[in-house]
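In what follows, a single structure is set out as structure tokens and then discussed.
The values are calculated or read from the model by the stated rules, or taken from the named source; none is laboratory data. Just so you know, these numbers come straight off a predicted model, no measurement behind them. All Cβ positions, even for glycine, are placed from backbone atoms using ideal geometry, and neighbour counts span all protein chains on display. Only protein heavy atoms, including side chains, enter the accessible area calculation; ligands, DNA and RNA are left aside. Shrake-Rupley method; radii C 1.70, N 1.55, O 1.52, S 1.80 Å.
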Amino acid sequence: MTLDDLERLVGVEFPAGEFTIEGYEHWLTTDAIGSPTLPAGVAHPMYAYYAALGGMGLTLDELFAMVGSSAADGPMFGEAGLEFREMMRVGETYRVEGGITGAARKTGRRAGVFDIVSFELRVVDSSGAVAAVSTNSFVFPRRAA
């Protein structure tokens, strides 16, 4: 992938997707992580992340292909951030929308050439309010052939 191709990715929107916080999955999750008891119907805050990535409208393989890479190339998770705007609810289906917000090529003395691609996912409730925003990045090694 050329630098121009990489930079043209900024602003590309992902297909919209959706994610439902199923009651039984929520129960299993909170039990597995030892969550304190939550008010009835309130989803654990980690569901902001789970819903965003689980409903982002494309698979990780598709995201990697979009940036000229694959899982076999050894991409690494970069950074993650969560912004909570509304309480998320068990049983609700959320629309997930977002896209690529940044793309940069860097060179490390030991790592060589790599790209950092950032994206934002907005988790939107049935009223149209943004419940949460998840920002993430992946690091893509660019090894010479």
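Structure values in brief
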{"read-out": "Neighbourhood net charge (12 Å Cβ-Cβ; Lys/Arg +1, Asp/Glu -1) for H26", "value": "-3"}
{"read-out": "Per-residue ³J(HN,Hα) for region 99-115, Karplus 6.51 cos²θ - 1.76 cosθ + 1.60, θ = phi - 60°, Hz, x for Gly and Pro", "value": "x, 7, 10, x, 8, 9, 9, 9, 10, x, 4, 9, 7, x, 7, 8, 10"}
{"read-out": "Full-extension gain in nm, R110 to S35, via 0.36 nm per residue minus C-alpha separation", "value": "22.9 nm"}
{"read-out": "Within the accessible area of the chain (1.4 Å probe), percent carbon and sulfur", "value": "54 percent"}
{"read-out": "Value of relative contact order over the chain, rounded to a whole percent, pairs C-alpha under 8 Å and six or more apart", "value": "30 percent"}
{"read-out": "Computed helical MRE - 222 nm, the chain, DSSP H runs ≥ 4 contributing -39500 (n - 2.57), nearest 500", "value": "-6000 deg cm²/dmol"}
{"read-out": "Positive minus negative residues near E120 (Lys, Arg vs Asp, Glu; Cβ under 14 Å)", "value": "-2"}
{"read-out": "Rounded tilt (10° steps) of 23-33 against the dominant C-alpha axis of the chain", "value": "70 degrees"}
{"read-out": "Student exercise, region 3-141 dipole from Lys, Arg, Asp, Glu Cβ charges, in Debye to nearest 20", "value": "440 debye"}
{"read-out": "Descending semi-axes in whole angstrom, ellipsoid equivalent of the chain, from the Cα gyration tensor", "value": "32, 16, 12"}
{"read-out": "Positive minus negative residues near A131 (Lys, Arg vs Asp, Glu; Cβ under 13 Å)", "value": "-2"}
{"read-out": "Accessible area in square angstrom per residue, the chain, 1.4 angstrom probe", "value": "56 Å²"}
{"read-out": "Packing-based order for 115-124, 62-71, using average beta carbon neighbours within 10 Å, highest first", "value": "115-124, 62-71"}
{"read-out": "Per-residue ³J(HN,Hα) for region 56-61, Karplus 6.51 cos²θ - 1.76 cosθ + 1.60, θ = phi - 60°, Hz, x for Gly and Pro", "value": "6, x, 8, 7, 4, 4"}
